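Peer 1: Supplied in structure tokens, the structure appears directly below.
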Amino acid sequence: MDTASSVRPISSPTGTTPEAKLALRPLCIDSAHITGGWWADRQRQISEVSIPDGRRQLDEAGNLDNFRIAAGELDGEIRGPVFADSDVYKWLEAAAWEYGRQPDEDLLADQLEITRLVAAAQEDDGYVNTVIQIRGDRYRNPARDHEMYCAGHLFQAAVAQSRATGHDELLDVAVRVADHLVRTFGPGKREDVDGHPVVEMGLVELYRQTGRTDYLDLARYFVEARGHGLSAKYDGNLTYLSDRVPVREATTVEGHAVRAVYLAAGAADVAVETHDDELIEVLGRQYTAMTDAKQYVTGGLGARWEGEAFGDPYELPADRAYAETCAGIGAAQWAWRMLLATGEARYADQIELLLLNAVMPGISLHGDEYFYVNTLHLRDGAEADNERSAAGGRHRWFDCACCPPNVMRTVAQLGGYLATSTDDGIQLQQYAPSTITAALGGGELTVKVDTDYPWNGSVRVTVVAAPGGEVELALRVPAWAEGATVDGAAVRAGDYARVRREFQPGDVVQLELPFAASVVHPHPRVDAVRGSVALRLGPLVYAVEQADQPAGVVLDDVRVDPAVAIGSEHRPELLGGVNVLTIPATAGGEQVTLTAIPYFAWANRGVGPMRVWLPAA
Ligand SMILES: [Zn+2]
């Protein structure tokens, strides 16, 4: 199809339209590059290790064979869960963003070969879902079967491929699927919602890419139709399925954590494209309720293994935390959309917390092993009672492999999270060595960012090119950074420091964020960790892992004194180079010094006892 006439500003991690009601706009996809430092290392591993390995895993696990079978190119049995196709789409999305970051013709050829398979499996009326096609029971149970969920991931992958590679082959498939959904679902047609949200985000992105307003209308229908019990006729658990309370009436998050945050992110997409301020306000209150009472100190979401669900307020056990990697990713997507809608720095703080402490713990430092569940406490003698138990260590892949390709697509598109723009300025949202360009009303503003973040808080921003006239450079000052300065002047934490002037190439703005180790006290209502403290330094939450402790220390028996000074030191040889913290403690009657590492880095030297919350003496 010809999208040239309707193409929207390309951007990542979301697009936008000129009509969208946004406080801040996303940058074009090729406008923000991470050029070095910790995140660049992660992107390199995703590129060199995770994406190629993921491709092999999709072959071995049968996901790609399912497409070959549905296309009539192979005889065989379905393998994998009902949503197996979505892992392929998430991999395709990751590969597309990665190609956009760093073009590689072999990677493009791989994408196009898999795209050809998807197209070959697609039926004449646009439907494609290989497991259901092979089973032959289309839309028998939308609450359970993930057909629109898979379509949503297909849409996201197709948009990524189009924006990042310039190829529209997957977009052609996606448009035929979306047209099929428009013909099938909605008022006066089939009135159903999928058991797992994500199609809402996907449809809005497809609208942004194609200009097709019927896709936006269908996304709005799927958002508004939820919470009216449409899933009840399929014997679905309405809380689990995010179908108990209308989105507009919900005051908090509940049920399956990934479903809940994906739905909220999709609702935010619909809201900004339909100028629905009331919906944005409601979503903001839900976000606050989540962070106040249903989020772990790491940013992790989902306290219950049963139903992979949010618990009651303040039900946040460290040792049985679920905190699925995908829930952290979905919440970052929600926070990103709220950031664009409102311009509130707290959402960028959330993205930082989530990416560093709830998402990246889900992938090994080498890039080929994963946690699905991110516990905050592993006891001495813990047994793996489930494939997902931390006690079993990291895994190369999972039967339900939602998390690995989700991490890949997130890290590959991370440049898009770094900054936003307005008509007269750039807002630096996340800090990494990078170059960032935005087209402002008066011309292009380009800045270069130099920093050792997340290992220290000095951020040097050099103007490379500036339009004539005054423009604004806004730097996020995280809420944890009390005492921050910009060019020596004190600035407020939890807000943006705004420097407005006529910039010249070579001008420098220097942000200093104090990196002092601190203790975090839990909310007094969280009985599970009452009397404990967690350690943090800068944006990172810390964990005490057995491997770093003196011989004989049993982590289950430690007590720390939160009033004593915490030591901090950069250890370039440890875990790829990290800051460690040290804190005096007693263990079994002995005085010892505990060493803490960034939580994201745990379980990279085998798996053993670990705790984020430390009982205070
Ligand atoms: Zn997952």
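The values are calculated or read from the model by the stated rules, or taken from the named source; none is laboratory data. Everything quoted here is computed from the prediction, not taken from an experiment. Please note: Cβ atoms are built from the backbone with ideal geometry, for glycine as well, and neighbour counts cover all protein chains shown. Surface accessibility is based on the protein's heavy atoms, side chains included, excluding ligands, DNA and RNA. Shrake-Rupley method; radii C 1.70, N 1.55, O 1.52, S 1.80 Å.
Peer 1: Take every Cα pair under 8 Å in the chain that's 6+ residues apart, average their separations, divide by the length, and report that relative contact order as a whole percent.
Peer 2: 13 percent
Peer 1: Related question: Please compute one quarter of the surface area of the Cα convex hull for segment 496-617 and express it in square nanometres. If you can, show how the numbers build up before the last one.
Peer 2: On the way: hull surface 42.6 nm².
If you wrap the Cα atoms of segment 496-617 in a convex hull and average its projections, you get 10.6 nm².
Peer 1: Here's a follow-up. In whole percent, and with a 1.4 Å probe on the protein chains, what portion of the accessible area of segment 69-123 is carbon and sulfur?
Peer 2: Carbon-and-sulfur percentage of accessible area, whole number: 46.
Peer 1: Give me the distance between the Cα centres of segment 558-603 and segment 103-135, rounded to whole Å.
Peer 2: The two parts, judged by their Cα centres, are 48 Å apart.
Peer 1: Shifting gears a bit: Would you kindly calculate the translational diffusion coefficient of segment 386-540, applying Stokes-Einstein with the Kirkwood radius from alpha carbon pairs, for 25 °C and a viscosity of 0.890 mPa s, and quote it in µm² s⁻¹ without decimals?
Peer 2: D = 135 µm²/s.
Peer 1: Using a 1.4 angstrom probe on the protein heavy atoms only, line up ASP450, ASP137 by accessible area, largest first.
Peer 2: Values: ASP450 55, ASP137 15 Å².
Most to least solvent-accessible, the answer reads ASP450, ASP137.
Peer 1: For segment 244-395, just say rounded, prolate or oblate: build the C-alpha gyration tensor, square-root its eigenvalues into a ≥ b ≥ c, call rounded for a/c under 1.5, and beyond that prolate if a/b exceeds b/c, oblate if not.
Peer 2: prolate
Peer 1: Right, something else. Where in the chain are the DSSP H helices whose alpha-carbon span along the long axis reaches 20 Å or more and whose Kyte-Doolittle mean is at least 1.6?
Peer 2: Once both thresholds are applied, nothing remains.
Peer 1: Evaluate E = 1/(1 + (r/R0)^6) for ASP380 and THR593, where r is the Cβ-Cβ distance and R0 equals 22 Å; express this FRET efficiency to the nearest 0.05.
Peer 2: Using R0 = 22 Å, I get an efficiency of 0.70.
Peer 1: With Kirkwood's inverse mean 1/r over C-alpha pairs for Rh, give me the Rg to Rh ratio of the chain, two decimals please.
Peer 2: Values: Rg = 23.6 Å, Rh = 24.6 Å.
In the chain, Rg relative to Rh is 0.96.
Peer 1: Once the whole set of protein chains is in place, how much accessible area is left on SER568, using a 1.4 Å probe, in Å² to the nearest 10?
Peer 2: Accessible area, nearest 10 Å²: 70 Å².
Peer 1: Put +1 on the Cβ of each Lys and Arg and -1 on the Cβ of each Asp and Glu in segment 176-231; which of VAL199, GLN209, ALA225 then has its Cα farthest toward the positive end of the dipole?
Peer 2: Checking the options against the dipole of segment 176-231, the answer is GLN209.
Peer 1: Check which residues have an amide H placed less than 5 Å from SER532's amide H, if you skip close sequence neighbours.
Peer 2: ALA616
Peer 1: Using only the heavy atoms of the protein chains and a 1.4 Å probe, how would CYS28, CYS400 rank by accessible area, largest first? Walk me through the intermediate numbers first.
Peer 2: Working: CYS28 60, CYS400 20 Å².
Result of the area sort, largest leading: CYS28, CYS400.
Peer 1: Also, I was wondering about something else. Kindly provide log₁₀ I(q)/I(0) values, in the same order as q = 0.21, 0.22 Å⁻¹, from the Debye equation applied to equal alpha-carbon scatterers of segment 358-427.
Peer 2: -0.89, -0.95
Peer 1: Let me ask you something else. Please work out the Cα center distance from segment 320-372 to segment 24-68, rounded to the nearest Å.
Peer 2: 16 Å
Peer 1: What is the ratio of the Cα radius of gyration of segment 1-157 to 2.2 N^0.38 Å, where N is its residue count, to two decimals?
Peer 2: 1.17
Peer 1: Give me a comma-separated list of calculated 3J(HN,Hα) values for segment 599-615, in order, Karplus coefficients 6.51, -1.76, 1.60 applied at θ = phi - 60°, integers in Hz, x for any Gly or Pro.
Peer 2: 4, 4, 8, 6, 6, 10, 10, x, 10, x, x, 7, 8, 8, 8, 10, x
Peer 1: So, one more: With a 1.4 Å probe and all protein chains left in place, how much of the accessible area of segment 558-606 comes from carbon and sulfur atoms, in whole percent? Show your work: numbers first, answer last.
Peer 2: Details: 1020 of 2070 Å².
C and S atoms contribute 49 percent here.
Peer 1: Relative to the present Cα-Cα distance, how much length would full extension add between ASP495 and ASP561 at 0.36 nm per residue of separation?
Peer 2: 20.6 nm
Peer 1: Could you calculate the contour length gain from ASP179 to ASP137, that is, 0.36 nm times the residue separation minus the distance between their Cα atoms, to one decimal place in nm?
Peer 2: Gain on extension, ASP179 to ASP137, equals 13.1 nm.
Peer 1: What nm value, rounded to one decimal, do you get for the distance between GLU77 and GLN510 when each label is placed 7 Å out toward the C-beta?
Peer 2: The modelled label-to-label distance comes out at 6.7 nm.
Peer 1: So for segment 482-567, what percent of the C-alpha to C-alpha distances run longer than 17 Å?
Peer 2: Looking at segment 482-567, the distances longer than 17 Å represent 67 percent of pairs.
Peer 1: Moving to a separate point now. Across segment 73-80, in residue order, what do the Karplus-derived ³J(HN,Hα) couplings come to in whole Hz, using 6.51 cos²θ - 1.76 cosθ + 1.60 with θ = phi - 60° and x for Gly and Pro?
Peer 2: 9, 8, 9, x, 9, 4, 10, x
Peer 1: Give me a comma-separated list of calculated 3J(HN,Hα) values for segment 232-241, in order, Karplus coefficients 6.51, -1.76, 1.60 applied at θ = phi - 60°, integers in Hz, x for any Gly or Pro.
Peer 2: Values, residue by residue: 4, 5, 9, 6, x, 7, 5, 5, 4, 8 Hz.
Peer 1: Out of the total accessible area of segment 301-447 (probe 1.4 Å, heavy atoms of protein only), what percent is carbon and sulfur?
Peer 2: Here it works out to 43 percent.
Peer 1: Give me the accessible area per residue for the chain, probe 1.4 Å, as a whole number in Å².
Peer 2: Computed with neighbouring chains in place, this is 34 Å² per residue.
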